[in-house]
Every structure is written in structure tokens, then in C-alpha cells.
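A short write-up of the structure that comes next.
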Amino acid sequence: MERIYDTIIIGAGPAGASAAIYASRARLSALWLDNRLIPGGQIADSGRVDNYPGLPGISGADMGEAFAEHAKKLGMEPVREEVKEIRVTGASAEGAPVAGRGPAKPLFLVTTSKGQYQAYTVIYAAGAAHRHLGIPGEEELSGAGVSYCATCDGAFYRDLETAVVGGGNTACEDALFLSRVCSKVYLIHRRDQLRADAVLQDLVKKCENIEILWNTVPDSVEGEEEGEVTGLAVRNVADGEIRTLPVPGIFIAAGMIPNTELVKDLVQTDDGGYIIADETGRTSCPGFFAAGDIRTKTLRQVVTAVSDGANAVNSVQTYLLI
Ligand code: NAP
């Protein structure tokens, strides 16, 4: 473990891939960690991305692959290890000044499923995970009719009725994707207004086999014990009406929660668990930079995530020098 990296990049989504590309071009010694087998992070689950300049209509999987290929050409490939712990070990003899590396820095000790690594800085781009609803039947029937990825599992419900829960971009994209596969899609939203972009809202509202159930919340997933989903019990919060939709497939698109559990004692987070950082990626912990969906920001998109990766590397370079 003698080697001390300039930076350890954690996460291989758009922010992590961009950080890896910029770190390579800046000739930083960088270790890139991610334990997912498919590159791209969350975007790999997206059927179609239509708002990334220059790549109209690319699939999320192809986009993830393209980012990974680009990084590989520059000599960067993620090491498939799960990060278990990140600790600051304090300025030490090993952290003493190095040519071109400015004054002594505290060292980060990153423990993974396979080993331990040291670095002067960390770029944390671990993204976010699907929010679960926490209703009865959801966990028990996950994978047996409850899904968090329409593009992955939608094809199982050809010509059947399905339900999508949520009112954001993902829920609308999922409903539109499923409308092309399924006979009917219920879009269940807890308010009387969708959160999604206006373009997606229009498409959803015009789609003949999508029925939006406004002011409606899911109460429980129904199914046979150790069997498959048979329906979704829903409640209209405006008039109290309760009904069960006889759907074999339920797609939950209720947003994401940031993967910050590992670092909650290391850096300041906001009420939603996002790491407090501006576009430079600087956090409350010197040397620890946040990039992508994990940080506080107003717009979580691939295009903002990749710019975060670049900015974080720029911040690392400045930090190492002064
Ligand atoms: P989101 O924008 O946070 O939307 C989550 C939706 O789920 C909201 O409508 C929310 O309702 C609802 N919800 C949350 N908790 C719920 C609960 N317990 N029960 C019922 N409903 C619940 O999440 P997202 O759609 O996954 O998008 C995440 C980010 O990725 C966004 O910034 C989005 O713009 C971006 N994204 C972009 C694209 C694209 O541009 N192609 C595609 C997908 C995602 P409320 O509205 O009432 O809060």
C-alpha cells in the first residue's frame, strides 16, 4: 500500500467517467473504483437520451459504453471493487511535500472489498439509488412484478396492463416506453401536476393508452405469497376512493436517493442527504470533492454530471498545488 495516488475517483457514471478522462489528460495518478459491471451508472438504465448535445436519441446503455470506451482509450478503466470505508488519516510522513504537489496534505484511506488504497484527494461520484416506496408487498415482490427499471423489465409485460408510480421525467419516460409494449399503462401520481419536463408531459397526456391517476398514492402491492404481483392497491387522496388495479407489473419511478451513507460522517450533507458542494466540487472536507448527482444542485442531468467531473479534476489540481 506504499503507493499514494493523486486522486481516487469513486463511481463510473457520467461524472466519474468524465473525471477519469480529465484526470488522465492532466497526467494525475488516479485510481478509478466502481463495482457495477455495466458502465454508465444510472444512465445505463435509460432507454433513450435526447438532450445530450451531439448524441440525439442515444440509448443510455450505449452512452455509458461510449464514456467507458473513451476513458479506456486514455488508459483509464474502473477497478471493480466495492468501497467499504473512506477515512482521513491526517497529514503524515507519506503525505509530506512531493515535487509539484505543494505542501503536505492529509491522506485518504479507501478500504474496498479487496484492499486498501491511499490518495491525496477523492472525487466522489457515487450517484444515487432508486427510492423505494416502503409499502407492504414492495420488497417481497421486487423482481416478481415490482421493478425500478422499465427499459430493463418492460418487455415482460407485452400486451398486458402495467402501472408506473411517480410524476417526474423518469416516470413519464417509463410510461411512454411501456405504452409501446403494454396494452395500457396507469401513471399514478400523488399530486394534480406532473413534475416532468413540459415536452414529456405533453407526450404522456396525448398518449391514448396512458391513463393518469391524479392525486393517487399506492397503498400496497398485492400478490401471491412467494408468487407474482397480481395488483396494486391505490388510494385517491382527494376523495378517499380506494381501488385495486389488476396489474401484473408495477414500475416505481419515485426519484433517487444519494449514495452518501458511506461519507455522512466525513462531509456535510443537506436534508436530502446530498453532499453540500458547488460546481467546483469542494466539500466541507478539504481534498474530498463531490461530482454528479451526489451533490447539491438544481439540475441533475448527464450534461451537468460530466461538467462536474471535469470541474472536480480542475479543483483537485488546484488543491494539490497550493
Ligand atoms: P424526480 O424528478 O425526483 O421525480 C420523482 C417523482 O416521484 C416525483 O413526481 C415525486 O412526486 C414522486 N415521488 C417521490 N416519492 C414518492 C412516494 N413516496 N410516493 C409516490 N410518489 C413519490 O425523479 P426522476 O424522475 O427519477 O428524475 C431524477 C432526475 O433525473 C431529475 O433531475 C430528472 O430531470 C432527471 N432525469 C432526466 C431525464 C431526461 O432528461 N431524459 C430522464 C430521467 C431523469 P412529487 O412530484 O409530488 O414530488
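The values are calculated or read from the model by the stated rules, or taken from the named source; none is laboratory data. All values derive from a computational prediction rather than experimental measurement. All Cβ positions, glycine included, derive from the backbone under ideal geometry; neighbour counts span all protein chains shown. To get the accessible areas, we keep the full protein, side chains included, count just its heavy atoms, and leave off ligands, DNA and RNA. Shrake-Rupley method; radii C 1.70, N 1.55, O 1.52, S 1.80 Å.
Taking all protein chains into account, the per residue accessible area for the stretch 222-322 stands at 49 Å² (1.4 Å probe). Quick check: the angle from helix 302-321's long axis to the longest principal axis of the chain, C-alpha only, nearest 10 degrees? Between helix and principal axis, roughly 20 degrees.
The Kirkwood hydrodynamic radius of the stretch 132-252, based on inverse pair distances between different Cα atoms, is 14.0 Å.
Highest mean first, the peptides 171-178, 197-204, 125-132 sorted by other C-beta atoms within 10 Å per residue fall in the order 171-178, 125-132, 197-204.
To test your reading of the geometry: what angle, between 0 and 90 degrees and rounded to tens, separates the Cα axis of helix 60-73 from the longest principal axis of the chain? Between helix and principal axis, roughly 10 degrees.
Note the angle between two axes, namely the Cα long axis of helix 14-25 and the longest principal axis of the Cα atoms of the chain, as a number of degrees from 0 to 90, rounded to the nearest 10. Its long axis makes an angle of about 20 degrees. Summary value for the chain: 20 percent relative contact order, contacts being C-alpha pairs under 8 angstrom separated by 6+ residues. A full extension of the chain between Thr244 and Ser220 corresponds to an added length of 7.7 nm, given 0.36 nm per residue minus the alpha carbon distance. The label point for Lys206 and the one for Arg87, both projected 7 Å from the Cα toward the Cβ, are 5.8 nm apart. Entry comment: accessible area of the stretch 9-148 is 46 Å² per residue, from protein heavy atoms only and a probe of 1.4 Å. With the gyration tensor restricted to C-alpha atoms of the stretch 154-200, the semi-axes of the equivalent ellipsoid amount to 20, 11, 7 Å, longest first. For Glu65, the solvent-accessible surface with a 1.4 Å probe is about 90 Å², rounded to the nearest 10. Shown for the chain: cysteine residues without a partner Cβ closer than 4.7 Å, namely Cys172, Cys182, Cys207, Cys285.
Measuring nothing but protein heavy atoms, the accessible surface of the stretch 132-252 at 1.4 Å probe radius is 46 percent carbon and sulfur. Model label points for Asp271 and Asn236, set 7 angstrom from Cα along the Cα-to-Cβ axis, are 3.1 nm apart.
I need the fraction of alpha carbon pairs in the stretch 1-84 separated by more than 14 Å, rounded to a whole percent. When every Cα pair of the stretch 1-84 is considered, 62 percent fall beyond 14 Å. Kirkwood Rh over Cα pairs of the chain into Stokes-Einstein at 37 °C, 0.692 mPa s: D in µm²/s? Rounded to a whole number, D works out at 156 µm²/s.
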